[in-house]
């Protein structure tokens, strides 16, 4: 067996149970591969911890369900690799191999997070039994996470809209959520950047752990530093006891740094070190604390321009922007206004103990003509005002603020670039409205591309696989 890594495509890995074998002994890797393949497993292997991490970092990397790791290897040893694997894939069960079989090695491994251990050379039946057990454990974790997600709402349920921009945002959340990648969320104020962070956290293996949020623009530099990294007793006047920072409070979970573009330059270097080395130093302490958090960040600023002007560190920007999610402003997706307004009115109605069943066409027309500088946050304020003032269960344009109501003449739909608006039936519910809007958006995109699916997917900003799924879902495959 060659010492080169054997890789599987992500598609293959998702079709069948996959095991990752990391062992510096080629003969043992070959033996384990043969045993597992005979038992119906797909196998990826690497001769070292460093090679295994390089393999998993590739875009078409296998997604192992379990890992079998030798404890004693040159360079990165098995326990160090296990810790790194758990940072990247917290739900991955790791079984360690030891040639010593000592109780001490086994106890150390289990305390540090190993699912189980085996003594080399492992009995074939014992090997397959332990990996089957670890695979079942992983499956149960994923099933529990799925059930919790269903009870709490899906990861993208709050991101309402069928426009290409919002379809792309939801797809990125579904793709990036299960990873450990740092994500930079971009968008104007009020577009819903915090909702995207919520969705990414709920879609991740870290969903059972805390999502801690910090607004970097809300605190001065010294207070922000103590909030992020914590402090020890006596660090400054008033520090009468140790206080853990947000990095420590988010351990095992996600840390969301909102308004990251407003972080003072003095803290940017400390944040970069925390991201690079996965450690923080509480104020007044000389002892570094290890961290295990996933970082999400958001800003309404143009960070590329800030990097060019020297206002924001370039190295920190690239650490944060492993993946960027751009949320479109509301003025660029006015087609989403009817279903978005319906969704918000159901939520606001429950909050204010008042039910609205429908929105008049002229009300929708006025909404579609407004520029929405405050985006969804402004829309929610406008809708809550109308709901409170309404004397019936139907919203008409007279309930809108003057600057918006004035966009429609006489309360009727005026012809113009916004087109002929239709009313909204609030009682119809969000799922049906979302599906109707998405179906129509797909149909229009197909028509615009002459039925060419690759062009349609590119125009919508989604993958061809996602397009194929949605076309089949909505019965649009025969075109």
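Observations on the model:
- Overall form of segment 164-328: prolate. Here a/c, set by the Cα gyration tensor axes a ≥ b ≥ c, is 1.5 or more, and a/b is the larger of a/b and b/c.
- Classification of segment 273-410 by its C-alpha gyration tensor yields a prolate form. The axis ratio a/c (a ≥ b ≥ c) is 1.5 or more, and a/b outweighs b/c.
- Three-way shape call for segment 19-61 based on the alpha-carbon gyration tensor, with the a/c threshold at 1.5: oblate
- Efficiency of FRET from Cβ geometry, residue 459 and residue 272, R₀ 45 Å, rounded to 0.05: 0.75
- For segment 299-409, the relative contact order is 26 percent, taking Cα pairs closer than 8 Å that sit 6 or more residues apart in sequence and dividing their mean separation by the residue count.
- Each part reduced to its alpha carbon centroid, segment 166-222 and segment 335-414 end up 28 Å apart.
- Expressed to the nearest 5 percent, the antiparallel share of DSSP beta bridges inside segment 164-328 is 20 percent.
- Cα centroids of segment 72-97 and segment 270-317: 25 Å apart.
FYI, it's all coordinate maths here, none of it is from the lab. Note that the coordinates shown come from a computational prediction; the quantities given were computed from them, not determined experimentally. Positions of Cβ are generated from backbone atoms using ideal geometry, with glycine treated the same way; all protein chains shown enter the neighbour counts.
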